[in-house]
Amino acid sequence: MFSASLWLAAATFAGLALGLIREILLVQLWGASGVTDALVLALFVPDAVRIALAAGLLAAAAVPIWRVLDEPVRRHQWAAIQTLNGLLMSAIVATLLSQTAGLWVDLLGPGLAGNRHALAVRLFAILVWTLPWLSLHGLLSVFHQASQRFLLQGLGAVFFSGPCVLYLAIMNINAQPESFANWVVVGSALMAVPLLPHAWRRAGGLGRGSYPLPMSAPYINEFGRYW
């Protein structure tokens, strides 16, 4: 137990360190400029959602439900529905935010104008596509927390910040804000990768074996109430 706690603490520290390095590199490359202002504003949504999910906002509601569903078939159906619904809803939200990026930039950064505003809108429209991947990471974390497994979940911040930090370190003065934003999205997708094997085993393998994906209305009516 003590060893596991040390590993979790190390993973958490590594994630925080990479986040700090990201901010240092951003300031080093673009300083107190319009590019930095646009990036800080555009990063608000993915950072806020990631922190909220890391704090257990989703798991606190879902883990007790998962433990109540003690039959494999019911667990599988619940897991499939929540995963599909979570991805669909977050993709819809990302689409809406992307299409209305200008309005959100006006709301979050009323002082931005001209080129800074235009850049913030472009970056915001890219970075909101972290939401489906952050949602997937949060959903997969439910299965890990239900099994008292926290290390891989704790590595989420490392995977989130790692790609964009590497991009900034390698490209240096040749780095472009839009490319940086794309690497942040890649990092959000990588967060879910180490969680997949255990979640797949715990949920019985979505769409595998004798448990079909629950796409019919009766399944949704029955298990939707658990969410």
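Every number here is computed from the coordinates shown, using simple stated rules; none is lab data. In this text the structure is predicted, and so the values were computed from the model without any measurement. Here Cβ is always computed from backbone atoms with ideal geometry, including for glycine, and neighbour counts include all displayed protein chains.
Can you work out the Karplus-derived ³J(HN,Hα) for every residue in region 123-133? Use 6.51 cos²θ - 1.76 cosθ + 1.60 with θ = phi - 60°, whole Hz, and x for glycine or proline.
Here the 3J(HN,Hα) series is 5, 4, 5, 7, 6, 5, 7, 6, 4, x, 6 Hz.
If amide hydrogens are placed 1.01 Å from N in the peptide plane, which non-local residues have theirs closer than 5 Å to the one on residue 192?
none
Dividing the Cα radius of gyration by the Kirkwood radius, what Rg/Rh value follows for region 9-130?
That ratio equals 1.09.
So what's the Cα pair-distance distribution over region 64-211, bin width 5 Å, in %?
Per 5 Å bin, starting at 0, the Cα pair percentages come out as 2, 10, 15, 16, 16, 14, 10, 8, 5, 3, 1, 0.
How fast does region 116-173 diffuse by Stokes-Einstein, in µm²/s, taking the Kirkwood radius from C-alpha pairs at 20 °C and 1.002 mPa s?
In µm²/s, the coefficient rounds to 157.
I need the calculated FRET efficiency for the pair residue 51 and residue 198, taking r as the beta carbon distance and R₀ as 25 Å, to the nearest 0.05.
In this case the efficiency is close to 0.60.
Extension gain residue 173-residue 87, at 0.36 nm per residue separation less the Cα-Cα distance, in nm?
Length gained between residue 173 and residue 87: 27.4 nm.
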